[in-house]
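Student: Have a look at this one before I ask anything.
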Amino acid sequence: MKKLALFCLWPVAMLLFLSTAQGWLWPTLLPREFSLRAWNFVVEQSGGPLVTSLSLAVTVAILSTLISLPAARVLALHSFTGKRLLLWLLFLPLLTQPLASAMGLHGLFLRYGLTDQWMGVLLVHLIPSVPYAALTLMASFSKLDLDLEAQARTLGASKWQVWRHVTGPSIAPGIALALTLSFLMSWSQYLLTLLIGGERILTLPIVLVGFEKSGDGAVAAAMSLLMILPPTLLFVISNWFLRENQSLE
């Protein structure tokens, strides 16, 4: 277990080393000096892209989960004509090349004035996020005991009370995973953001790739560590929530 932890932390340690290295050119084995120049730049200049990325990822996570809840319930608990076709259509964005779907959407978004807009980027981020959220929630709904809901209604519980005390707690792990996956899908999105947002909507992946191509490895490494932080915190919170939920069961 310790070896696995060291193996996982090694790339992070290398990024931290690279972010402080200055004048590290081939064939020198070690940098000529160490500096916090990259971190000072990231702290001063990454505020806007960080806020944009967080606002998009959080909004996408919430909307993807809310959109997927009714669809996942129906698909998981009911059989009807055309169900397989509906499932295929729902997961079609995951089967096609992102570039192909993005290019088709670009023309549509141009017509409605959604390119170079925060709202346009939000909508295009929902396309790969909703299928993952729906798939996760379908797994949770498939384990839901409908008799518990029926008993709660028989005892006089309203629809909201049934959701709050029966349905919600039963599928809580699925909701947590759906939120997490949707957040990660939006947080790491580069191609769709670039095609729809252009150079007006700057997220951390857009800025990171720009510095990587410019050859400024120190700033790119510091930016990479900044990108790792929110998903890591989200993973820790989700893991804690799932363990607490499992212990209650």
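The values are calculated or read from the model by the stated rules, or taken from the named source; none is laboratory data. Being a predicted model, the structure only gives us computed values, none of them experimental. Reconstructed Cβ throughout: ideal geometry from the backbone, glycine too, with neighbour counts over all protein chains shown.
Student: Hey, PRO93 hits all of (1) touching a Pro at 6+ places or on another chain (Cβ under 9 Å); (2) free of Cβ contacts under 8 Å to residues at least 12 places away in the same chain but one; which does it fall short on?
Tutor: (2)
Student: Now a separate question. Would you pick out the residues in the range 142-157 that are among the polar types (S, T, N, Q) and out of contact with any helix residue (DSSP H, G or I) (no Cβ under 9 Å at 6 or more places or on another chain)?
Tutor: The answer is THR154, and nothing else.
Student: Select from the range 226-247 the residues that are buried (at least 17 other Cβ atoms within 10 Å of the Cβ) and modelled with pLDDT of 85 or more and list them in ascending order.
Tutor: Selection gives LEU226, MET227, PRO230, LEU234.
Student: Could you look through the range 123-182, keep only residues that are aromatic (Phe, Trp, Tyr) and surrounded by 14 or more Cβ atoms within 10 Å (Cβ to Cβ), and pick out the one that is nearest to the chain's Cα centre (by Cα)?
Tutor: This residue is TYR132.
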